[in-house]
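The next block holds one structure in the form of structure tokens; read it before the comments.
Since every read-out is calculated from the coordinates, none of them should be taken as a lab result. Since this is a predicted model, take the numbers as computed values, not measurements. Cβ placement follows ideal geometry from the backbone for every residue including glycine, while neighbour counts extend to all protein chains displayed.
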2 protein chains.
Amino acid sequence: MGDRFAGTVLRDLDGGAARPTLGEIGLAQFAPYLMNRVMARWNANMSEALKQHDMTTAKMRALAVLSLSSTVTINELSVYAVTEQSTMSRTLDSLEEQGYIRRQPRPEDMRVRDVAITEEGRIAFEAVWPTMYELLMQLFDGVSDDEYTAFATILHKVLRNIRKYEI
Amino acid sequence: MGDRFAGTVLRDLDGGAARPTLGEIGLAQFAPYLMNRVMARWNANMSEALKQHDMTTAKMRALAVLSLSSTVTINELSVYAVTEQSTMSRTLDSLEEQGYIRRQPRPEDMRVRDVAITEEGRIAFEAVWPTMYELLMQLFDGVSDDEYTAFATILHKVLRNIRKYEI
């Protein structure tokens, strides 16, 4: 409470603090602005790097999620892969043609089709992973493990918050 | 160096550490994944909230940047506002029609047109700012000022890194 009041960015308005203006905060302290800047560049770089592997961002994300889960539905996949469902649906068509995934109706509920990665899909993802890891290391160059862990912890907190406050 | 070697996420491959797999790291510790998840939701919520003010994300971002700078070019504006130049160009046309911005050729170089916010533009941005600030406070609910500052510091570092390693 006390530190919220005194803070230059996060202030307790209900506790009587005055709302700072954007000018007082500055864009450089407006975290969502910084994250948008970083992620626009990260996603563009990733997309470019994936081209050399004949892979798209949506395919890479789908394979990444599937390589970690036994089976998922297309709904879950589009949330985890941050990809619109229509795009994900086309992406899965293409991945199935390539033999990288399998879709099969769930025995208990034939309307649901579970998606699973194939051995070929795992190999395709493993081929792009070193590139992804290199980009991650470049992104966090000069950041210590402790700083990285603290950073990820805040990201978990804000991800929980933003799901809680869903409009 | 030492902590890079031992780290579960960031490892010094040149120093002889083995590259971890995505399975070892886990999506929950892959920071760009978390940031994409957060920002997809943030941008969707923001876009929705701005509709009530008859405002788009691109317009809000342009007005935010212009409210903090004396004059900027469309190139600078599209970088700072994380908006493609063609979109930004149309956005400025619309903002000019609304009387929120002014464009004028630079006296020293008539090929460059500087963009500046008008008083009406400032008022329009001030009208949406409380909503933006509320979303920011919700996003960082439960995050202390010190944590926020540390978080922003890492974001500055990664933004510098990603510009340095530009493909």
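Observations
- Exactly one residue out of A:Ala116, A:Ala127 is in contact (Cβ under 8 Å) with a residue 24 or more places away in the chain, in a helix (DSSP H, G or I) and either more than 7 Å from chain B (Cβ to nearest Cβ) or crowded, with 20+ Cβ neighbours inside 10 Å (or both), and it is A:Ala127.
- Beta carbons closer than 9 Å, at least 6 apart along the sequence or on distinct chains, pair a first residue in region B:31-57 that is touching a residue at least 40 places away in the same chain (Cβ under 8 Å) and over 12 Å from A:Pro32 (Cβ atoms) with a second that is among the small types (Gly, Ala, Ser) and surrounded by fewer than 16 Cβ atoms within 10 Å (Cβ to Cβ) for B:His53/B:Ala127; B:Met55/B:Ala127.
- Residue identified as charged (D, E, K, R), farther than 25 Å from B:Trp42 by Cβ and within 20 Å of the chain's Cα centre (by Cα) among B:Lys164, B:Lys157: B:Lys164
- Reported count of residues in region B:20-36, each being over 15 Å from the mean Cα position of the chain (by Cα) and either among the aliphatic types (A, V, I, L, M) or part of a helix (DSSP H, G or I) (or both), is 10.
- Scan of region A:130-166 for residues that are of a type in the set (Asp, Glu), surrounded by 14 or more Cβ atoms within 10 Å (Cβ to Cβ) and in a helix (DSSP H, G or I), ordered by number: A:Glu134, A:Asp145, A:Glu147
- Some residue of region A:80-98 being within 26 Å of the chain's Cα centre (by Cα), touching a residue at least 60 places away in the same chain (Cβ under 8 Å) and either more than 11 Å from chain B (Cβ to nearest Cβ) or at positive phi (or both): no
- From the list B:Gly16, B:Gly26, the one residue that fits, being more than 9 Å from chain A (Cβ to nearest Cβ) and either farther than 27 Å from B:Glu134 by Cβ or free of Cβ contacts under 8 Å to residues at least 24 places away in the same chain (or both), is B:Gly16.
- In region A:49-75, the residues that are over 22 Å from A:Thr131 (Cα atoms) and surrounded by 15 or more Cβ atoms within 10 Å (Cβ to Cβ): A:Thr71, A:Val72, A:Ile74
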